[in-house]
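Only one structure is covered here, and it is reproduced in the block below.
Just so you know, all these numbers are worked out from the coordinates, no wet-lab data involved. Not measured: the values here are computed from a predicted model. All Cβ positions, even for glycine, are placed from backbone atoms using ideal geometry, and neighbour counts span all protein chains on display.
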Amino acid sequence: MTSEVAQLLEFLRFPSISTDTRFAGDVRACGEWLVEKSREIGLSAELHETPRHPVVIARNEHRPGRKHVLIYGHYDVQPVDPLNLWTSDPFQPEIRDGRIWARGATDNKGQMFAHLMGVAQTMATHGDLPVNLTFLFEGEEEIGSPHLAAFLENHREWLACDVIAVSDTGMVAPGVPTMGYGLRGITCGELVVRGPARDLHSGLFGGAVMNPATALGRLIASLHDAEGKVLIDGFYDDVRPLEAWEREMWAQVPGVGEADFLQVTGAPALFGEAGYSPAEQTWARPTAEVNGMGGGYQGEGSKTVLPAEAMAKFSFRLVPDQDPADIIEKVRRHFEKHCPPGVTIEFVPGHDGKAYHADPHGVFGKAAQRALQKAFGKEPVLIREGGSIPIIQSFREILGADTLLLGLALADAQIHSPNENFPVENFEAGIRLNQALLEELAAS
Ligand SMILES: [Zn+2]
């Protein structure tokens, strides 16, 4: 076992579960350990308090005339239950079949620690780094980063940087270096459909009043055409079209073809907006989804009732350049316009976040691609992601810098699940990646 792997195992022993207050002391101890580790390798490091779990900042000596690179990671982890499904203890890391098995192995301790160990090696060899570096390690990512934006605001000048790197996303397949340059945004809402003053007997009144569950069904059905296209007026107005090179590259990306989606989802067939591949549908096209619905009798047997109300929860994944506030307003108008007679509706908007997109062919994007090529010995693929990482947008808005998404996670890493794991070779590739990245960014 290399010394780097041994140190990672030590890091993984902290049960730094951020959501559970019983582990608050462990989260802090883990942050303190990171501060010590950063100092040991020659960085200056401090714990910064937030109302809950501390942020760790570690920096080399900053000199004028060099690029300022910020590397973000998080040292908190998800809870471990159900514990009985783990092959080995989540906080007693084990190495089996070339993988490290522990909670946080991939998400995010293994990935962020690869960067720290890359810096450690460069510092040991050269006594300094080719760039001004700031590590920002958060202890609240798994609870939605409630205090990170305020922390960035309060240290805006100190943290202002040229570019940000984050390894907290996926690789499309083992050994295939992957750079992400886009994330979808989101906006959510909840719809309540109300009809009669109380639940009614379906024999005495059925046929004479509109059933709110039926009305809800009609409203949900009005969102798409039979081919999966969203029918909300103006929904696609601001959607940035896919570029030719994206369609060409994504068609070659392993692991995201129709057969892969069928296998991963277990769905009997795929269904989505016509004219787009599954990768295009999930990375670059917006959606309207029902996340849950309810109303009326749901118990055993039958109850001949006409429910007084019905409800559904919706989320809309957004792409550049859709504006969440504009879209949720269009959704509200759509429901009002299509509301059947005999019921009233109330639509309550939920949380939202903008989509993220950075030019992968910019100076830093190209430098990152050269670094990925060096670390993995293979041409990287450029992808967008279907999910949302709101802090990436905060980085851009508050620190004014774009983020390079250099994920090292495999699809079967079991993040947030029992038996989370991280291949030792990915950890080692991450160390090489960090070294190549800082060199390439410095030279760019
Ligand atoms: Zn996570």
Of the residues in region 117-175, how many are within 24 Å of residue 366 (Cβ to Cβ) and aromatic (Phe, Trp, Tyr)?
1
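Here is a yes/no grid of residues against (1) without any contact (Cβ under 8 Å) to a residue 24 or more places away in the chain; (2) exposed (fewer than 15 other Cβ atoms within 10 Å of the Cβ); (3) of a type in the set (A, V, I, L, M, F, W, C); (4) within 16 Å of the ligand (Cβ to nearest atom):
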site: 35; (1), (2), (3), (4): yes, no, yes, no
site: 44; (1), (2), (3), (4): yes, yes, no, no
site: 57; (1), (2), (3), (4): no, no, yes, no
site: 77; (1), (2), (3), (4): no, no, yes, yes
site: 85; (1), (2), (3), (4): no, yes, yes, no
site: 110; (1), (2), (3), (4): no, no, no, yes
site: 125; (1), (2), (3), (4): yes, yes, no, no
How about region 325-368: which of its residues are under 15 Å from residue 240 (Cβ atoms) and buried (at least 18 other Cβ atoms within 10 Å of the Cβ)?
327, 354, 355, 356, 357, 358, 360
Within region 1-50, which residues are of a type in the set (Val, Ile, Thr) and part of a loop (DSSP other than H, G, I, E, B)?
2, 19, 41, 50
Considering residues that are in a helix (DSSP H, G or I) and acidic (Asp, Glu), the number found within region 157-207 is 1
Residue by residue through region 380-424, note down the ones that are of a type in the set (D, E, K, R) and either surrounded by fewer than 23 Cβ atoms within 10 Å (Cβ to Cβ) or away from the ligand (no atom under 14 Å from the Cβ) (or both).
384, 385, 396, 397, 402, 412
Can you find even one residue in region 358-379 that is away from the ligand (no atom under 16 Å from the Cβ) and in a strand (DSSP E or B)?
no
Among what's in region 88-108 and is within 16 Å of the ligand (Cβ to nearest atom) and among the aliphatic types (A, V, I, L, M), pick the residue that is nearest to residue 392 (Cα to Cα).
105
Mind listing just one residue for me: the one in region 127-170 that is farther than 20 Å from residue 63 by Cβ and surrounded by fewer than 17 Cβ atoms within 10 Å (Cβ to Cβ) and, of those, nearest to the chain's Cα centre (by Cα)?
144
State whether one or more residues within region 127-136 are of a type in the set (Phe, Trp, Tyr), under 25 Å from residue 436 (Cβ atoms) and within 16 Å of the ligand (Cβ to nearest atom).
no
Which listed residue, of 219, 183, is touching a residue at least 12 places away in the same chain (Cβ under 8 Å), within 16 Å of the ligand (Cβ to nearest atom) and touching a Phe, Trp or Tyr at 6+ places or on another chain (Cβ under 7 Å):
183
